[in-house]
Amino acid sequence: MSTTVTPSAAPTPADPARTVVVGVGPVTMDDVVAVARHGASVALAPEALDAVAAGRAVIDALAADTQPHYGVSTGFGALATRSIPAERRTDLQRSLIRSHAAGTGPEVEREVVRALMLLRLSTLATGRTGVRPATAQAYAAMLDAGITPVVREFGSLGCSGDLAPLAHCALALMGEGDVRDATGTLRPAADALADAGLTPVVLAEKEGLALVNGTDGMLGQLVLALHDLDRLLATADVAAALSVESLLGTDAVFADDLQALRPHPGQAAAAAHLRTLLRGSGIMASHRGPGCTRVQDAYSLRCAPQVHGAARDTVEHARTVATRELAAAVDNPVVTPDGRVESNGNFHGAPVGYVLDFLAIAVADVASMSERRTDRFLDVSRSHGLPAFLAHDPGVDSGLMIAQYTAAGLVSDLKRLAVPASVDSIPSSAMQEDHVSMGWHAARKLRRAVDGLGRVLAIEVLTATRALDLRAPLVPALATGAVRDLLRARGVAGPGPDTSLAPDLDAVAALVASGEVLAAADADRTADEIGTSDRDRHLQVPISSGRTDLEAGPEPTEETR
């Protein structure tokens, strides 16, 4: 399954109008998205440089001490017992970065690398890592220049942090390895730095550790996933509303007082969104009333607020963890505010790894429910009067039969991606690092899962809008009708003889990913804006349209509508 974002070779245009100033305090999630995806400029605040200088003074004092200090005058990991003489410490830091830049596999997306670099810079700016101000400034300048080190898919165990990905970034800072420049061109780091007017950094004591010891890769991917899921879970409501309406379901179960009986905030938000999306639907009005035989809809329709809401609540829990992690200064050893240099285990990725896995579970379940709604449209025994597979001439045409296969295949992949990575520790570094988080792996599979969810929702939207057309002349809600109109305006075919479906699937997936489907549905609409003429038109449409006579209830009145 493909990932959600632009590959490393194709950077998004920079946003020169925004500068993210990195201070002693945490950057925000919006800052991460702005720098990672939109090329916002980056600068270090003066107070951050002061804090960095104060932290470095502590390290300089230890470097002159005759006692060994981890990361300053000793080896690393299982080699921490070896004292390193002053004349070899530059070699020590350089060797650390070279040896740890051990990634392999495909390139990681540009936005992920930029996110992890911003987050590492944010930790450097706290003054808790002991780097020199010039090193922090050089790191910021490389990021600001749009130079993106080539980071490989495999190499991180999530403890001690994302070592290999961060080491590849540090390697570029030293003028070694490969990078993508601001145009996305693959180049030697030394050449790209020179063209940007930057000088490679020769690392001093402790700086190698400070540049690689962090959860920045997994955290950056978590922040980007949260940004995407805010949009996709709201889009899942849109897809569900389209399906409830086009399958002649009821919105009565979404009533506020019913939802309040189970007071989960995500559920309440999803139900409220569904009520708004379905407001003023002539299709739904056509089968309300005492003659309606629809007592209860299938779970995939009736329980949408419960599932979408649980996913929202999972996102909020993950957001809480991400917010805490953004405020963290992760390094080992760390310079404390009172001037001590202490070893610690804050680099362990368990808090981030757990929520990355939680989100993959929620994503798989929301997608699974969406696919079940799609499937109902295609079965004449459950679609309430729609043609088999929504085909123009069933038998000659197959309609959307194989689109459902595609959704089912995606959902099957999502179920595998929901298997937790964070329970799969494997020891490393001669058993010194004998329990690792695998948070990077949890992040990588979540990115694939988020992309898959968007594609599954796109198939439901494609299917439900075709069914909406087949219910004509019944009139949909303004919100759902706007989504249908968006698809038609972008060349996505409605009912008719079979054509190649792949371009339509990709087109709708792009509209979901860009947020255009959600924007079309959520454009400001009030009851007054619907207008009397629209309400009257809903009531004047023959109720048997698009359905069998057996399913048609009595014509609704103002009281029963």
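The values are calculated or read from the model by the stated rules, or taken from the named source; none is laboratory data. Quick caveat: nothing in here was measured; it's all calculated off a predicted structure. Note: ideal-geometry Cβ built from the backbone for every residue, glycine included; neighbour counts use all protein chains shown. In case anyone asks, the SASA skips ligands and DNA or RNA and just uses the protein heavy atoms, side chains included. Shrake-Rupley method; radii C 1.70, N 1.55, O 1.52, S 1.80 Å.
Listed peptides 142-149, 342-349, 211-218, 167-174 appear in the order 211-218, 167-174, 142-149, 342-349 once ranked by packing, highest mean of other Cβ atoms within 10 Å at the front. Counting only the backbone N, which residues of region 484-505 are under 17 Å from the spot 7 Å out from the Cα of D393 toward its beta-carbon? Under 17 Å, as judged by backbone N against the label point of D393, lie 495-500 of region 484-505. If R0 is taken as 45 Å, the Cβ-Cβ distance between D257 and Q67 corresponds to a FRET efficiency of 0.05. A Cβ-based charge dipole, computed about the Cα centre of region 177-234 with Lys and Arg at +1 and Asp and Glu at -1, lands at about 100 debye. When a 1.4 Å probe is rolled over the protein heavy atoms, the share of accessible surface on the chain that falls to carbon and sulfur comes to 56 percent. At 1.002 mPa s and 20 °C, plugging the Kirkwood radius over alpha-carbon pairs of region 223-377 into Stokes-Einstein gives what diffusion coefficient in µm²/s? It comes out at roughly 120 µm²/s.
For region 370-416, the convex hull drawn through the C-alpha positions has a volume of 62 cubic angstrom per residue.
Estimated from helices alone, the mean residue ellipticity of the chain at 222 nm is -16500 deg cm²/dmol (sum of -39500 (n - 2.57) over DSSP H runs with n ≥ 4, per residue).
Translational diffusion of region 329-369 was estimated from the Stokes-Einstein equation, with Rh taken as the Kirkwood radius over Cα pairs; at 4 °C and 1.567 mPa s the coefficient is 102 µm²/s.
Using mean Cβ contacts within 10 Å as the protection proxy, how do 327-339, 25-37, 355-367 order, highest first?
Listed from highest to lowest mean packing, they are 355-367, 25-37, 327-339.
Rounded to the nearest 20 debye, the dipole magnitude of the chain is 520 debye, with +1 charges on Lys and Arg beta carbons, -1 on Asp and Glu beta carbons, and the Cα centre as origin. Peptides 114-120, 305-311 ranked from most to least packed, by the mean per-residue count of other Cβ atoms within 10 Å: 114-120, 305-311.
Out of H38, L518, L226, whose Cα points farthest toward the positive end of the dipole of the chain (charges: +1 Lys, Arg; -1 Asp, Glu; placed on Cβ)? Comparing the listed Cα positions along the dipole, L226 ranks first. Centre-to-centre, using Cα atoms only, region 250-267 and region 163-182 are separated by 51 Å.
Taken over the Cα atoms of the chain, the convex hull encloses 157 Å³ per residue.
Over region 217-315, the hull volume per residue, using the convex hull of the C-alpha atoms, is 94 Å³. Relative contact order, whole percent, for region 74-225 stands at 31, derived from Cα pairs under 8 Å and 6 or more residues apart. Per residue, the chain exposes an accessible area of 39 Å² to a 1.4 Å probe, with every protein chain left in place. A Förster radius of 30 Å combined with the Cβ-Cβ distance from A272 to V380 puts the calculated FRET efficiency at roughly 0.35. In angstrom, the C-alpha Rg and Dmax of region 76-185 are 14.2, 45.
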